[in-house]
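See structure below.
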Amino acid sequence: MSAEIEASEGVDDSERKNPVPQEKENHIRMPDLSELLKEGTKEAHDRAENTQFVKDFLKGNIKKELFKLATTALYFTYSALEEEMDHNRDHPAFAPLYFPMELHRKEALTKDMEYFFGENWEEQVMCSEATQNYVERIHYVGQNEPELLVAHAYTRYMGDLSGGQVLKKVAQRALKLPSTGEGTQFYHFENVDNAQQFKQFYRARMNALDLSLKTKERIVEEANKAFEYNMQIFDELDQASSALARDTVEDGFPVHDGKGDIRKCPFYTGQQDTGALEGNSCPFQTAMTVLRKPSLQLILATSVALAAGLLAWYYM
């Protein structure tokens, strides 16, 4: 650079207008999107990490009914996300990140819903108010600003790959779920052989997207919104948990061994179709109804599926 400055000395004004220096200036490396996301969402990450919902999960204070509600929220969230990803699979700002075989979770979540609610699960469930807000935002982005889908996809899938196995083991132990995977299919990425290598590959693809700095900043802003939507869902689940605590008695289920590091918490964080959200009973509302029935006091095995990934991405 100093040599270029020295060579420019003594040239006339017309030479100073030569576009070459400007072209070289334009080639100054812009920050990678993954770096911007990591730094730009740190504050939101810290706040999410300290929600009561996440703290309780790390301690093993997790309820089976809440796990079911969280799984339901995940189902609608990923249904919306993957619907919009399918619609935008050829969009230049998203196409390089379209990996349905490796990443999509809707099919796995359908199996988990069948396990927890039975074959007629679609007649029993409906997304809660907080989840619906999240779903509507994802649909808006997919239909109006597809480039911002990057924020939602990265926030969810990278976290799932980072912390999913930890959450799976905690859920299986705390809820006495089968070791063969029933109820925790969400965490099993059968087409990803090496999660760490795939995450590196995904970040490289993301960093190679042809995006302006302004667009990258908007993606970071959208990722912060994703955190907020997820924290609203956690607050909703906290309310259900408080109601359970008031009306039921703990029943001695296995809990977390207390050796987990909160800094490594794997918290990082759809509408299938319009009909799926209409005419059905919401599991959140159902839980609030049954909380007051003493006969259901034994339903206190607990877990937190929604925490599946929204924190771990930061520590990848």
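The values are calculated or read from the model by the stated rules, or taken from the named source; none is laboratory data. All values reported here derive from a predicted model rather than from experimental measurement. When we count neighbours, we look across all protein chains shown, and the Cβ atoms used for this are built from the backbone with ideal geometry, even at glycine. Accessible surface is based on the protein model in full, side chains and every heavy atom, while ligands, DNA and RNA are left aside. Shrake-Rupley method; radii C 1.70, N 1.55, O 1.52, S 1.80 Å.
Got a sec? Which of ASP86, ASP112 is farther than 29 Å from GLY40 by Cβ, under 18 Å from the mean Cα position of the chain (by Cα) and not β-branched (Val, Ile, Thr)? I'd like the intermediate steps shown before the answer.
Working: ASP86 fails: farther than 29 Å from GLY40 by Cβ.
The match here is ASP112.
Just to verify a result, which residue in the range 180-236, among those that are among the aromatic types (Phe, Trp, Tyr) and in a helix (DSSP H, G or I), is farthest from the chain's Cα centre (by Cα)?
PHE201
May I ask you to list pairs of residues, at least six apart or on different chains, whose Cβ atoms are under 8 Å apart, with the first in the range 191-203 being at negative phi and the second being part of a helix (DSSP H, G or I) and of a type in the set (Gly, Ala, Ser)?
ALA195/SER162; LYS199/SER162; ARG203/SER34
Inside the range 144-163, can you point out the residues that are over 19 Å from MET85 (Cβ atoms) and open to solvent by less than 10 Å² (accessible area, probe 1.4 Å)?
Scanning the range 144-163 gives a single hit, GLY163.
List every residue pair whose Cβ atoms sit under 6 Å apart, with the two residues 6 or more apart in sequence or on different chains, where the first one lies in the range 98-119 and is closer than 20 Å to ALA208 by Cβ and the second, anywhere, is open to solvent by less than 50 Å² (accessible area, probe 1.4 Å).
Pairs that qualify, where the first residue is closer than 20 Å to ALA208 by Cβ and the partner is open to solvent by less than 50 Å² (accessible area, probe 1.4 Å), are GLU102/VAL192; LEU103/TYR157.
For the range 90-114, which residues satisfy the criterion of being of a type in the set (Gly, Ala, Ser) and surrounded by 18 or more Cβ atoms within 10 Å (Cβ to Cβ)?
Listed by number, the residues that qualify are ALA93, ALA108.
Looking at the structure I just gave you, is ARG47 within 17 Å of GLU221 (Cβ to Cβ) and either at pLDDT below 65 or open to solvent by 90 Å² or more (accessible area, probe 1.4 Å) (or both)?
yes
Where in the range 32-104 are there helices (runs of 4 or more DSSP H), lying fully within it, with 1 or more residues that are among the β-branched types (Val, Ile, Thr), in contact with a Phe, Trp or Tyr (Cβ under 7 Å, 6 or more places away or on another chain) and under 30 Å from GLU182 (Cα atoms)? Spell out how you get there, then give the answer.
Values: elements: 33-40, 42-49, 52-59, 64-87, 100-103.
Fully inside the range 32-104 and qualifying: 52-59, 64-87.
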